[in-house]
Amino acid sequence: MHCPFCRHDDSRVVDTRLSDDGLSIRRRRECVQCKRRFSTLETSSFSVVKRSGVVEPFSRDKVISGVRKACQGRPVDDDSLALLAQRVEEKLRASGSAVVSTSEVGKAIQPFLRELDEVAYLRFASVYSGFQSLDDFQKAIDSLRADRKAEEQES
């Protein structure tokens, strides 16, 4: 890290704090040469490779936008969508990969959307899982019913 004042290439960390969103770190540094202090904000880069090959930064807003379409007309509020997008990002970051494909993002969305709204999940899964026939829908519905039955038996 170069000092913004004297351009010396060494500094020491005086203080470290997580930012409000928890996705970046604010560090207070002191230049070892001129002794002046400055702050840095560190974030990890996390990118998505689109089908066209274009790489762009991960965007929670794009996750929300895509899921919102599946939730159209369903009783799902904006806070729930924001939480879903946060959980998806955390899951993808936990994988340890700095670059993921759009299909991986779609797969990561599905379990959280399934918990949120089953109808929206079916709409979304039909696109991302590439449902080809009514049998694909039926298998997904049967899986939802089996999971619901298992949850009821546990309670």
Across 5 Å bins from 0, what is the distribution of all Cα-Cα pair distances for region 32-83, in whole percents? 4, 13, 16, 14, 12, 12, 8, 6, 6, 4, 2, 2, 0
Taking protein heavy atoms only, a 1.4 Å probe, and rounding to whole percent, the accessible area of the chain owed to carbon and sulfur comes out at 48
With θ set to phi - 60° and the Karplus curve 6.51 cos²θ - 1.76 cosθ + 1.60, what are the ³J(HN,Hα) couplings of region 26-31 in order, to the nearest whole Hz, using x for Gly and Pro? 9, 10, 9, 10, 10, 5
Compute the long axis of helix 102-116 from its Cα atoms, compare it with the longest principal axis of the Cα atoms of the chain, and write down the angle in degrees, 0 to 90, nearest 10. 60
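Anything over 22 Å Cα to Cα? Flag those among 62/91; 50/91; 62/149, in the order listed.
On the way: 62/91 16 Å; 50/91 19 Å; 62/149 33 Å.
Beyond 22 Å between Cα atoms: 62/149.
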Under a 5 Å amide H to amide H cut-off, with H placed in plane at 1.01 Å, what residues pair with residue 48 once short-range neighbours are removed? 56, 58, 100
Quick calc, residue 51 & residue 1: beta-carbon distance into FRET formula, R0 35 Å, rounding 0.05, result 0.40
Binning at 10 angstrom from zero up to the longest distance, how are the C-alpha pair distances of region 1-123 distributed in percent? 12, 32, 24, 17, 11, 4, 0
With viscosity set to 0.890 mPa s and temperature to 25 °C, compute the Stokes-Einstein D of region 96-151, Rh being the Kirkwood radius across alpha carbon pairs; µm²/s, no decimals. 202
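At 1.4 Å probe radius, can you tell me the per residue accessible area of the chain in Å²?
Dividing the accessible area of the chain by its residue count gives 66 Å².
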Rounding to the nearest 10 and keeping the result within 0 to 90°, find how far the Cα-based axis of helix 60-70 lies from the longest principal axis of the chain. 10
Rounded to the nearest 0.05, what FRET efficiency is calculated for residue 80 and residue 15 with R0 set to 41 Å and r the Cβ-Cβ distance? 0.70
Just add up the charged neighbours of residue 14: K/R +1, D/E -1, any other residue whose Cβ is under 9 Å from the Cβ of residue 14. +3
Folded to 0 to 90 degrees: helix 134-154 orientation relative to the chain principal axis, Cα: 80
With r defined as the distance between the Cβ atoms of residue 153 and residue 41 and R0 fixed at 41 Å, what FRET efficiency is calculated, to the nearest 0.05? 0.25
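The values are calculated or read from the model by the stated rules, or taken from the named source; none is laboratory data. Not measured: the values here are computed from a predicted model. Cβ coordinates were reconstructed from backbone atoms using ideal geometry, including for glycine residues, and neighbour counts include every protein chain displayed. Calculation scope for accessible area: heavy atoms of the full protein, side chains included, ligands and nucleic acids excluded. Shrake-Rupley method; radii C 1.70, N 1.55, O 1.52, S 1.80 Å.
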